[in-house]
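The structure appears right after this line, and notes come after that.
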Amino acid sequence: MANYIIRRLGWVVVTLFGIVLINFFVMHLLPIDYAKVIAGTHASAVTLKEIAQNYGLDHPIWYQFILYIRQLGSLDLGYSYQLHLPVTAMLGAAIPKTFYLALAAVILELIIGIPLGIWTARRAGTFLDSLVIAISLVGVSLPTFAVGSLLLYVFAFRLPWFPLGGFAPFPHIGYVVLPALSYAITGAAYYTRLLRSAMLDIGDADYVRTAWAKGLSSNRVVLRHIFRNALIPVVTFFGLDFGGLLGGLLVTESIFDWPGIGAMTYRAIPVVDVPTLLGVVLFASFAIVMMNLLVDVFYAVLDPRISYA
Amino acid sequence: MSSTAALAPKTGAATEIPSRRSYWRKLASHPFFWPGVALVVLVIGVAIFAPEIATRPYWQIYPNIGLSATGGPLPPSWSGKGFVLGTDWLGRDVFSRLVWSARISLQVGIFASVISGVVGLVIGLVSGYFGGWVDMVLMRFTDIMMGFPALFFLILLISLIGPSVEVIYLTMGLLGWPSIARFARGQVLSVRKETYVDAAQAGGVSRWRIILRHIMPNIITPVVVLVSMSISGNIIYESTLSFLGIGVPDPIPSWGKMVSGGLSYLYVAPTLVIFPILAISLTTIGFNLLAEAFNATANPRSARGGHRG
């Protein structure tokens, strides 16, 4: 087990290096004058030269890469053009809020999606099952911004049950419900379908037939033998889809003005605030890599058949 | 516990190998197939015949006849000035903009999917056929690309290069290939041990010829199905980018842009948001219905498919 985790960590380092490398080359190989991006299109030649010097743009590219790595090592992501604040500090303020929203969204999608998936798998082939499949198909087809806009209109404006937007810390749950639900509805539909299909696949396995043959109660077979094993693809998908979660939150945060990483990105778009956008991409990639590491470890714990050798 | 029939033990008769004709018959008899075909054909028809269907130029602003007495958008109406679905905040015809958006969305969605499909197919073929270190390097690269936060990275890239229709489908296409590459590689691995590949190798056929003439024809159908399923996901991406203000540039209309613009008028003119949401939802639902029908025919017990945005 320890070996497995060490090997996995080695791979994490390689992946992170790859991500930093790709980001660096995207910034430097595109036909863009980086100094101009920083100074704005109306900067004078003197300013451009000064910026090129300050940012080390006049050095050969391999040396620039070393400078970049050193800069990242000291957690320096530069300053936002728009707000003139260090990007690291902005991320530090935004991350806990996004984390709170993400947690709420994930809890909601799982408490809707998992029971519904089990329920509908037990009725596969019936009318109710087809109904759930049809509704969940509509669910996965809706873009997050569409769900968010409709929820805002119905449950904040038409029925003033929730605030129109904004942020309040944890005990004031009212603020988090709609932004979390905007993401969770699509997610729940997805988990329902995934779990249903995984449970139906596992229903054919030999050990399930054995469990039935032993005369166990149907609840016991379904929950202990089928559901537990069907959780493995669900966990895998959760890890794979973490990037989708961050992207979905980007949309709901901008609709509901939730001051997390998504809203930070949204505000950076119209002014092309490159350091902010780059910082967010780096943070999100790191978060995804770490999440996948966690999922892999969890997965190894959940499924004893996975070898750690 | 009520019915657990679907998960109950089965008394299995051997499944017969379906012929090609019975495959199509099964596909056509799936309840989602014809509704899916109808929606997809409708959207493609609207996209192709947009110039004929649109009643007014999509970019035209009608400050006199297109706005209400107070300067607001006109509500939908059959009678009067010929703005069937009303006008937007500038006095542009909502119906014509909806129609033209179909063309943009499909164009971006299909082009992006085709680019991802070609790149993914080539990488999957090379990786799966050559194996060894080629496979290792390509699959590690694919893993890194899969770990990228797609939406954030798209925003960064498009901000740097500048949004245009071509840039949007190119960047989406060049980021979307990893899942297709993995799938294609898996397909290659399953056919490369077949006798006909051995026979070709023994006969001294060149490697590239084996890949192109013997392996590719045998894996192309499932890859094409996967690529067509990815169209709805790319349509959602395009509309999400437009919603976030980094999609196709003005005056080109896009459903996502119509929703984000309409959000400011949500309380006075909700139809400005509801019509484009309906349009995009019907499009993605159509594609996902087809995907579901294909999937259920190929793999009768599963109900996966669909793309989150």
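What follows is calculated from the coordinates using simple rules that are stated; it is not laboratory data. All of these numbers come straight from a predicted model, not from anything done at the bench. Using ideal geometry, Cβ is built from the backbone for each residue, glycine included, and neighbour counts are taken over all protein chains shown.
Overview of values
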| quantity | calculated |
| --- | --- |
| Mean separation of Cα contacts under 8 Å (6+ apart) over length of the range B:26-145, as relative contact order % | 21 |
| Charge sum, other residues only, whose C-beta stays under 13 Å from A:TYR266's C-beta, Lys/Arg counted +1 and Asp/Glu -1 | -2 |
| Computed over the range A:66-223, the ratio Rg/Rh where both radii use C-alpha atoms and Rh is Kirkwood | 1.15 |
| Value of Rg to Rh for the range A:54-154 (Rh from inverse mean 1/r over Cα pairs, i.e. Kirkwood) | 1.26 |
| Overall Cα dimensions of the range B:106-214 - principal axes, largest extent first, Å | 52, 27, 18 |
| Mean Cβ neighbour count within 10 Å, used as a protection proxy, ranking B:251-257, B:113-119, B:49-55 highest first | B:251-257, B:113-119, B:49-55 |
| In order through the range A:256-271: 3J(HN,Hα) via Karplus (6.51 cos²θ - 1.76 cosθ + 1.60), integer Hz, x for Gly, Pro | 9, 6, 8, x, x, 5, x, 5, 4, 5, 4, 6, 7, 4, x, 9 |
| DSSP H segments from chain B that extend 27 Å or more along their own axis, Cα-based, with Kyte-Doolittle mean of 1.0 or above | B:94-130, B:216-243, B:271-298 |
| Neighbourhood net charge (12 Å Cβ-Cβ; Lys/Arg +1, Asp/Glu -1) for A:PRO179 | -1 |
| Descending Cα extents along the principal axes, chain B, whole Å | 80, 54, 42 |
| Ranked by how many other beta carbons lie within 10 Å on average, peptides A:57-64, B:289-296, B:215-222 from highest | B:289-296, B:215-222, A:57-64 |
| Efficiency of FRET between A:VAL154 and A:HIS84 - r from beta-carbon atoms, R0 35 angstrom, step 0.05 | 0.35 |
| Neighbourhood net charge (14 Å Cβ-Cβ; Lys/Arg +1, Asp/Glu -1) for A:GLN64 | 0 |
| Relative contact order computed over chain B (Cα-Cα under 8 Å; 6+ residues apart), in percent | 23 |
| Karplus (6.51, -1.76, 1.60) ³J(HN,Hα), θ = phi - 60°, over the range A:85-98, in Hz, Gly and Pro reported as x | 10, x, 4, 4, 5, 4, 4, x, 6, 7, 4, x, 5, 5 |
| Residue (of B:TRP208, B:ILE219, B:TYR169) at the positive-pole extreme of the range B:151-230, dipole from beta-carbon charges | B:TRP208 |
| Within the protein assembly as shown, helix-based [θ] at 222 nm, where runs of 4 or more DSSP H residues each add -39,500 (n - 2.57), nearest 500 | -22000 deg cm²/dmol |
| Cβ-based charge dipole, the protein assembly as shown, positive-most Cα from B:ALA184, A:ALA156, B:ILE280 | B:ALA184 |
| In degrees, nearest ten, helix A:45-54 long axis to first principal axis of chain A (Cα) | 60 |
| The range A:158-309: radius of gyration over Cα atoms, expressed as a fraction of 2.2 N^0.38 Å | 1.38 |
| Cα-projected label distance for A:PHE25 with A:HIS42, points at 7 Å along beta-carbon direction, nm | 3.7 |
| Cα long-axis angle, helix A:274-302 against chain A (0 to 90 degrees, to the nearest 10) | 30 |
| Estimated vicinal HN-Hα couplings, Hz - the range A:225-239 in sequence order (Karplus 6.51, -1.76, 1.60; Gly, Pro = x) | 9, 7, 4, 4, 6, 6, 5, 4, x, 5, 5, 4, 5, 4, x |
| Loop-located chymotrypsin sites (Phe, Trp or Tyr not before Pro) in the range B:57-131 whose Cβ has at most 10 other Cβ within 10 Å (DSSP) | B:TRP78 |
| Reciprocal mean inverse distance between Cα atoms of the protein assembly as shown - Kirkwood radius, Å | 26.4 |
| Per principal axis, descending, Cα span of the range B:181-279 in whole Å | 73, 22, 16 |
| Relative contact order of chain A, defined on C-alpha pairs under 8 angstrom at six or more residues apart (%) | 25 |
| Cα-based Rg / Dmax (Å) for chain A | 23.8, 84 |
